[in-house]
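Structure incoming, see below.
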Amino acid sequence: MTFRNIFLLFLVLIGVFVVVFSFDTLSLVSASVPGNVSFCQELNISGVYTMNKSLTVFDDEISGSCFLVSASNVELNCKGFSIYNTTNANPQPAIIGDEITNLTVRNCNITLGSSTTALQISSDNNTLITNNTFSSNSNGVVITSSNNVTISNNVFFNHTFNGISVIDGSNITILGNIIIGSLFNGVSVDTCNNIIISHNTVKNTTFGDAIVVGGNDYGINTTIYDNTVVSQRMGILVSSANNAYLANNFINNSFLRGVFLTGNNMTVFNNFIYNGTEAGIYVEKSVNTTISNNSIINISGSGLHLRWSNYTYIFDNNISFSPLSINVTDSLVADYRFLGEVIARFINSKYGSVRFLQTINGSGTNLSNDVKIESNKITIISDLRFNRTANISLYNLATNFDNPLIFKNDIACGTAQGCFNSTSLNVGNVSFNITGYGSYRVSVVSLLTLPGSSGGGSGGGSLIIRPVLLKLLLPDPVSSAKNGRLVLPIRLENKGSVALNGIVVKAAVAKNGALRKDLVTSFDTSSIDILPIGKSQNITLTVDVNTEEEGVYEILLNASVRDPFYQDFAKIFLTVGQGTQTQAKVLLAAQLIANNHECLEIKETLDEAQQLLSDGKEQQGQAKLDEAIQGCKNSISQKVSSQRRNSFTPSTFFIWVGVAILGAFVVGIGFYSYQRWRFQKAIES
């Protein structure tokens, strides 16, 4: 063979190689043709592509996927055929779309293995993924940086990560999908806005949550409704959302939380949450959340848990078969209306907690004010709805109290008054049980002083190192008529060795443990700037008894010292009884004195009687009043007797003198006329 022939043969072989290589390459990189598809290829021409057989993905230097969609306005219809991975351990996604618009993928069955995503779309607009089945992949569908995405009526089985993942987009609709057996999340939407997730069924997410919507300051306008989720870590998680609406979802068997929310302006309405552990609905770091008309049943923790949230509104939720219905931690609850009876716990992590041991009910406009937790003070509203047994804990108290006690409404409260401490009161964090509403705190022992006693007062919030002794000297038990008035002398004495600065005196009246507004107290002086050592100060307490209800009342007094901090408490027993007869006697005596000046000297006795009655000394006052009335009657009787003995009074004398003068005048005129007549006759004769 000549060199020329060898060279020609070489050129022929090269041509054959080029033709074969070009033909093989054209099948992958040449322009695609819409229509029936029987092999994997790049879809770079707009149109509808219809698979006519199942395909196997393979790895090559160009794409490594089965379909790389690089043109807009493409629809891939698999017609129920499958895309498999049989040989490649780490294939690319079966379908990849990037920087296109108007992509539709329908009727595909994709199974690639636990290390690969079935379908991956990025930077697309107007994407529809519908009626596909994704099974045994790492992720079913992953869509990033895309807008106007709809994922509907697909089935997802046994994914090692998520069934559906959408990251960084807007106008996302996930509708009518069935997602079963995802190792992590069923649906995960992160950093997106305008989201609708509805009519999906999500089951058995082993380590993750059924539906997750998150992203810092995203999740704006999220609507999640009519979904069914079963057996997951959390049913629905919405994180850092703004304007979220969750409604009509069925959530069963969440082994952590049924619904978990953080964000602002959220509504949770008419969801059914059944069988869970930590909480049915858990709201954290949220503002302006409304939770209403939900059924929360058989949660082993708390039905509703609020934490670090403000302006939460709770209405008409049915919470049953849970040891704790509502748990409020460091949160502000505004309007509320409980549907039926609930067990509630309120926690302030800094100051203390209240756990009701009996159910409460009712409604109001500020639940956090109705159960108020402050430093060394817990106040439960005076309302029968909250008049229940409860356990109270107070945190961060002093541990050097001298004989501390529990105080209810500023009165020492022991077992007889319904307070039972379960810890020492000197351990910093104390716990005790109560039997009804009131204001509770822990303070040092109060030594009350009554007339003739030698006890002193007590400090109020911390141990007093300096010797301080403030005494409240009070009258004996007193009594009053209905609708009467008491004026009582009170004396404050400084028996300690330091001056007392900023003393404030307060009083209230109670009966059977309830404060009364119809008995009004006032002081002529309610504050004292300074009370020097060994000095005393007299003040006057007035009690207006504006009641017709008889019985024994308690006048409660409190004197608090600003510097050094100190308090004393005392009590006066007041008996209110029938007072009509006494008042009538006082009125009778006053009228007798006013109408009979001879009784004026009796007024002093009447004043003494009124003073005794005002001091509550009923018997002594009655005796003095009887003395005044009888004395006035005696004075009047003496006047009548004197009149009978001395009937010829100066006025009678002057009357008779007048009659005599008039008679003499008449006789004189008559005699003068007679003599003149005789004299006239004599002249005529």
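The values are calculated or read from the model by the stated rules, or taken from the named source; none is laboratory data. Note that the structure is a prediction, hence the values are computed from the model and not measured. A quick note on method: Cβ atoms are made from the backbone with ideal geometry, for glycine too, and the neighbour counts reach across all protein chains shown. Quick note on the areas: whole protein, heavy atoms, side chains included, nothing else; ligands and nucleic acids left out. Shrake-Rupley method; radii C 1.70, N 1.55, O 1.52, S 1.80 Å.
At a 1.4 Å probe radius, carbon and sulfur cover how many percent of the accessible area of region 331-444?
For region 331-444, the apolar C and S fraction of the accessible surface comes to 45 percent.
Now for a separate question. Filter the GluC sites (Glu not before Pro) in region 520-577 to those in DSSP coil with at most 14 other Cβ atoms within 10 Å of their Cβ, and list the result.
Values: sites: 548, 549, 550, 554; in loops: 548, 549, 550.
The qualifying sites are 548, 549, 550.
Tally up the carbon and sulfur contribution to the accessible surface of region 123-201 as a whole percent, 1.4 Å probe, everything protein left in place. Kindly include the intermediate steps, with their values, before the conclusion.
On the way: 1230 of 2370 Å².
The C+S portion of the solvent-accessible surface of region 123-201 is 52 percent.
Amide H of residue 300: which non-local residues (sequence gap of 5 or more, or other chain) have their own amide H closer than 5 Å, using H built in the peptide plane?
Those qualifying (amide H under 5 Å, at least 5 residues apart or on another chain) are 276, 277.
Still on this model: Keeping every protein chain present and rolling a 1.4 Å probe, give me the accessible area per residue for region 47-182 in Å².
Details: 4890 Å² over 136 residues.
Accessible surface, normalised per residue, equals 36 Å².
Related question: For a protection proxy built on the mean count of beta-carbon atoms within 10 angstrom, sort 149-157, 341-349, 408-416 highest first, please.
Working: 149-157: 21.3, 341-349: 19.8, 408-416: 16.2.
By packing density, highest mean first, the sequence is 149-157, 341-349, 408-416.
Okay, next question. Output wanted: per-residue J couplings in Hz (rounded whole) for region 278-288, from phi through Karplus 6.51 cos²θ - 1.76 cosθ + 1.60, θ = phi - 60°, x for Gly and Pro.
Here the 3J(HN,Hα) series is 5, 7, x, 10, 10, 10, 9, 6, 10, 10, 6 Hz.
Also, I was wondering about something else. Near residue 210, within a Cβ-to-Cβ distance under 9 Å, what is the net charge of the other residues, with Lys and Arg +1 and Asp and Glu -1? List each step's numbers first, then the result.
Working: positive: 203, 233; negative: 209.
Net of charged neighbours comes to +1.
In terms of the Cα gyration tensor, with a ≥ b ≥ c the square roots of its eigenvalues, is region 473-537 rounded because a/c is under 1.5, prolate because a/b exceeds b/c, or oblate? List each step's numbers first, then the result.
Values: a/c = 2.55, a/b = 2.17, b/c = 1.17.
It comes out prolate by the Cα gyration axes.
Suppose all protein chains stay in the model; what accessible area per residue would a 1.4 Å probe give for region 492-570, in Å²?
That works out to 47 Å² per residue.
How much area per residue is accessible in region 223-295 when the probe is 1.4 Å and only protein heavy atoms are counted (Å²)? Could you put the intermediate results ahead of the total?
Values: 2290 Å² over 73 residues.
For region 223-295, the solvent-accessible area averages 31 Å² per residue.
Right, something else. Taking amide hydrogens as modeled 1.01 Å from N in the peptide plane, which residues meet the under 5 Å criterion relative to residue 328, leaving out close sequence neighbours?
Sorted by chain and number, the residues that satisfy this are 306, 345, 346, 347.
What does the C-alpha gyration tensor say about the overall shape of region 162-251? Classify as rounded when a/c is under 1.5, otherwise prolate if a/b is larger than b/c, or oblate. Don't jump to the answer; show the numbers that get you there.
Working: a/c = 1.71, a/b = 1.43, b/c = 1.20.
The shape class here is prolate.
Follow-up. Kindly provide the chymotrypsin sites (Phe, Trp or Tyr not before Pro) of region 166-231 that DSSP labels as loop, not H, G, I, E or B, and whose Cβ sees at most 11 other Cβ atoms within 10 Å.
Working: sites: 184, 207, 218, 225; in loops: 184, 207, 218.
The qualifying sites are 207.
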